[in-house]
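Here the structure is laid out as structure tokens; the discussion comes afterwards.
Readers should treat all values here as calculations from the given coordinates under stated rules, not as data from a laboratory. Everything numeric in this text was worked out from a predicted model, so none of it was measured. Here Cβ is always computed from backbone atoms with ideal geometry, including for glycine, and neighbour counts include all displayed protein chains.
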Amino acid sequence: MFDRKILDHLIDEDKDLSLSRRYQWACGTLSELNDSISALIIAYEDTFVFDPWCGQHPSLWPENSALSETHLREMLDIKHDIDFSIDDLKKVRQDNEVLRREAEDLRKQLLLHTTIKRSLKRNEQARHMKFLVSASLLFLPLTFVTVGKPGSLSTSRDAD
């Protein structure tokens, strides 16, 4: 949908309005996905504050000091991996927002294009109607003249 090569095909709406639905679905899906990513990031940042990672949380850290150092290294490795994943999620959220804005712009362009197309069609219909009215203004009096002549000819034959 976001490929520039097929963009021209996606600007003409069909009678079922499938493109408008597709753009609306893309905007809604990307928005919901970004909301879920934001909720994950906020939950992580609110839940895992400084205590679990530095060895001060009482239920996560063993009492033995030899195990504490090993556990601390493992927890710091986990924290590093999670922070890397959170940064990736933030990038995905930004990319999704760019795509959502692009889909929204495409939907607006489609609406504008469809409106212009309908307006041009109405103008063409108005031009055809104007032509029909002009033709009827010309031919309607001619029908009276044509109808009047045979009647006048038949009366003149009767007189001879």
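Overview of values
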quantity	calculated
Condition check for GLN109: over 23 Å from SER31 (Cβ atoms) and either in contact with a Ser or Thr (Cβ under 8 Å, 6 or more places away or on another chain) or polar (S, T, N, Q) (or both)	no
Selected residue [of a type in the set (Asp, Glu), out of contact with any Lys or Arg (no Cβ under 9 Å at 6 or more places or on another chain), part of a helix (DSSP H, G or I) and surrounded by 11 or more Cβ atoms within 10 Å (Cβ to Cβ)] from ASP81, ASP105	ASP105
Residue list for the stretch 79-113, restricted to those being out of contact with any helix residue (DSSP H, G or I) (no Cβ under 8 Å at 6 or more places or on another chain) and of a type in the set (S, T, N, Q)	SER85, GLN94, GLN109
Tabulated pairs, the stretch 31-45, first surrounded by 10 or more Cβ atoms within 10 Å (Cβ to Cβ), second of a type in the set (Val, Ile, Thr) and part of a helix (DSSP H, G or I), C-beta under 9 angstrom, 6+ apart or interchain	LEU33/VAL92; ASN34/VAL92; ILE37/VAL92; LEU40/ILE86; ILE41/ILE86; TYR44/ILE82; TYR44/ILE86; GLU45/ILE86
